[in-house]
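What follows is a single structure, written as structure tokens, with notes after it.
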Amino acid sequence: MTNKPSLYLVNPASTFPTYYSVEALRAGGYSPAALVADLAVVTIAGMAPSDFNVALVDENISPVDFDISADFVGITGKVNQWRRMAEIAREFRRRGKTVIMGGPFASLSPDVVRPYCDILVKGEIEEVSDTLFTNLRSGNWKKEYAGQRSQFSSPVMPRWDLYPNDRALLGIVQTSRGCPFQCEFCDTIQYVGRQQRHKPVQQILNELDDLYKYGYRMVFFADDNFTANRQHAKELLRELRNWNLRQKDGPVSFVTQVSIDSAADEELLRMCAEAGMIYVFIGIETPNEDSLRQSGKNQNLRDSLTGQIERFLHNGIGVMAGMIVGFDSDGQDIFARQYEFAQSVPIPIFSLGALVAPAGTQLYERLAADSRILPGEAGIATMAPWDTNIVPNRMKREELLSGIKALCARLYDPGAFTDRLMRFIEKAAVPDSMKESGTLGQLRGRSVEIDTMRLMSDLKRLGPEEAAMWSQVRAALSQKPKLALVVLNMLLQYMQIRYMYNSK
Ligand code: SF4
């Protein structure tokens, strides 16, 4: 080791295209990009003491430099990145580097990850980072570190100065960790727990200041459930609105994840809209109430799903929905039921997937006890859209997987998608919030934004149905320009899903 220890942090690409990446840009002839900037590598870089030389790479944007002269290589990732995490670790170890692995997958599946690294970090790194860096510096590290749940008592500033900010469409801030619900298939609560913890508001605003400086005008709050603690969410939303009103170069639009029960609080939705929230992800999962009940998704059973979704739209907030097929009470009719539900609600984008059982979840335990987890490598839940690690209950695995592909093809048929998108534009209220909020005028001309706009105009050349979609959408948006930014996100996701489907 040289006098100054050096660390190379790697966010590996997903092994397959996902709903949350934008390989569609590269496929369209543009430079690679990330939909959302990666928070893990910049946060760990922020934890490194000042005497460490730190470099980082987001493989969604640029290739990993295997020739880099770093003492340590830190590799993070979620389950969809696991195969690539393993490949990168293997190559760096072959070249004699000391490899550290951590993040959600390493925390949930330490036995799988341990053989691939020299140092394993399980759990949340905040509480062990000081010890880890001290030990790395002295050359006296342990094979394993286990972090407890952080209370955000000494939050770090992410090192956005090291990140290729021109190539990520959305910036990212995490304001809380944890979700009080207990959906049977959820691995998040196994990793971060059900007790929600909140980052200090001033820290959130400082992080937003930094992202603003780098030109981000859309920011994803990477919370497990942003509105779980409604009182806290309202306090934060008030501060976010005030922060946004102070910005001289236009406001920022926010995107996050919430649970559907937040629709019961009209004040909360209004405050979301006033703060600049334009788009939320909600795990709707299924219209099959037996499946919701069985998977413990009780918050989706309290009121009509359609009525609750519309309340977001009445506040000018778009909804993207998670959709799962393959619950124990799902029979062959579920594909038609899901399609009918999707076409009846004003939600353009559904992230559709088979039920999977990630390691550490209650679902995994239940199905493993029933010998319904596939053996070997196939038993690792990869989260690939067209795959599962479980044996379904009421249909064959092949029927589930082919049914999903057929459902996806129907959902994203240009005509069906146009119907949903037009219904969204028609039903969504125009938020009475800050000037420019939600309009394309917010964007600052970063290269990823320019490429996204170009990809959108390529859409009309895909075929006559897409050309019709494009002209209908343009005409509708001319009446509601404050929906343009959320519609841009939806169209980009549509292009990505078509790409995913064609490359399956
Ligand atoms: S609401 Fe979402 S984050 Fe919370 S337990 Fe259910 S799936 Fe997990």
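If you plug the beta carbon distance of residue 232 and residue 314 into 1/(1 + (r/R0)^6) with R0 = 35 Å, you get a FRET efficiency near 0.90. Of the three principal axes defined by the Cα atoms of region 164-426, the extents in descending order read 57, 39, 39 Å.
Please calculate how many Å² of accessible area region 164-426 carries per residue, with a 1.4 Å probe and no DNA, RNA or ligand atoms counted. Could you put the intermediate results ahead of the total?
On the way: 9120 Å² over 263 residues.
Heavy-atom accessible area per residue stands at 35 Å².
Taking square-rooted eigenvalues a ≥ b ≥ c of the alpha carbon gyration tensor, is region 408-504 rounded, prolate or oblate, where a/c under 1.5 means rounded and, failing that, a/b exceeding b/c means prolate?
Numbers: a/c = 1.97, a/b = 1.36, b/c = 1.45.
Verdict is oblate for region 408-504.
Mean sequence separation of contacting Cα pairs (under 8 Å, at least six apart), scaled by the length of region 6-147, corresponds to a relative contact order of 23 percent.
For residue 146, the residues whose modelled amide H falls within less than 5 Å of its own, excluding neighbours fewer than 5 places apart on the same chain, are 122.
Cross-link partners of residue 4 among aspartates and glutamates, defined as those whose alpha carbon lies under 13 angstrom from its own and excluding same-chain residues fewer than eight positions apart: 51, 71.
Considering only Cα atoms, the convex hull volume of the chain works out to 134 Å³ per residue.
Can you tell me how region 210-252 classifies by the Cα gyration tensor, rounded, prolate or oblate, using a/c under 1.5 as the rounded cut?
Values: a/c = 3.64, a/b = 1.61, b/c = 2.26.
Verdict is oblate for region 210-252.
Per residue, region 6-147 exposes 39 Å² of solvent-accessible protein surface, assessed with a 1.4 angstrom probe and all protein chains in place. Unpaired Cys in the chain, meaning no second Cys C-beta under 4.7 Å: 117, 179, 272, 408. The distance linking region 426-470 with region 1-77 is 28 Å (Cα centroid to Cα centroid, whole angstrom).
Would you mind checking the pairs 248/482; 435/460; 122/213; 405/460 and listing those with alpha carbons more than 27 angstrom apart? From 248/482; 435/460; 122/213; 405/460, over 27 Å: 435/460; 122/213.
Provide the per residue accessible area, probe 1.4 Å, for region 427-502, rounded to a whole number of square angstrom. Mind dumping the intermediate values first?
Working: 3320 Å² over 76 residues.
Computed with neighbouring chains in place, this is 44 Å² per residue.
What's the carbon and sulfur percent of the chain's accessible surface, probe 1.4 angstrom, rounded to a whole number?
Result for the chain: 48 percent of the exposed heavy-atom area is carbon or sulfur.
The calculated pair-distance distribution of region 2-87 uses every alpha carbon pair, bins of 5 angstrom beginning at 0, and gives 3, 14, 24, 23, 17, 11, 6, 2, 1, 0 percent.
Restricting region 165-231 to trypsin sites (Lys or Arg not before Pro) that sit in a DSSP loop and have at most 16 other Cβ atoms within 10 Å of their own Cβ leaves 194. Extension gain for residue 413 to residue 93 (0.36 nm times residue separation, less C-alpha to C-alpha distance): 110.7 nm. In a DSSP loop and with at most 15 other Cβ atoms within 10 Å, there are no chymotrypsin sites (Phe, Trp or Tyr not before Pro) in region 169-259.
Reported value for region 432-471: 75 Å³ per residue, from the convex hull of its C-alpha atoms. Full extension of the chain between residue 267 and residue 304 yields a length gain of 11.4 nm, computed as 0.36 nm times the residue separation minus the alpha carbon distance. Each residue of region 115-132 was assigned a 3J(HN,Hα) from its phi angle through the Karplus curve 6.51 cos²θ - 1.76 cosθ + 1.60 (θ = phi - 60°); the sequence is x, 9, 9, 8, 9, 10, 10, 9, x, 7, 6, 3, 6, 10, 5, 4, 4, 4 Hz, with glycine and proline shown as x.
Close amide-amide hydrogen proximity is noted between residue 170 and 36, 37, each under 5 Å apart and 5 or more residues distant or on a separate chain (H modeled in the peptide plane; Pro and chain starts excluded).
Overall, the ratio between the Cα radius of gyration of region 320-473 and 2.2 N^0.38 Å, rounded to two decimals, is 1.32. Could you work out the relative contact order of region 360-504, using alpha carbon pairs under 8 angstrom and six or more residues apart, expressed as a whole percent? About 23 percent, as a whole number. The stretch between residue 398 and residue 339, if pulled fully straight at 0.36 nm per residue, gains 19.3 nm over its current Cα-Cα span. Judged by the mean number of other Cβ atoms found within 10 Å, the most tightly packed of the peptides 410-423, 131-144, 274-287 leads the ranking 274-287, 410-423, 131-144.
Report the calculated FRET efficiency for residue 366 and residue 131 (r = Cβ-Cβ distance, R0 = 45 Å), to the nearest 0.05.
On the way: r = 37 Å, r/R0 = 0.81.
After rounding, the FRET efficiency stands at 0.80.
Its relative contact order, with pairs defined as Cα atoms under 8 Å and 6+ residues apart, puts the chain at 14 percent.
The values are calculated or read from the model by the stated rules, or taken from the named source; none is laboratory data. Predicted, not measured: the structure shown is a model, and the values here were computed from it. Reconstructed Cβ throughout: ideal geometry from the backbone, glycine too, with neighbour counts over all protein chains shown. Protein only, heavy atoms only, side chains kept; ligands, DNA and RNA dropped before computing areas. Shrake-Rupley method; radii C 1.70, N 1.55, O 1.52, S 1.80 Å.
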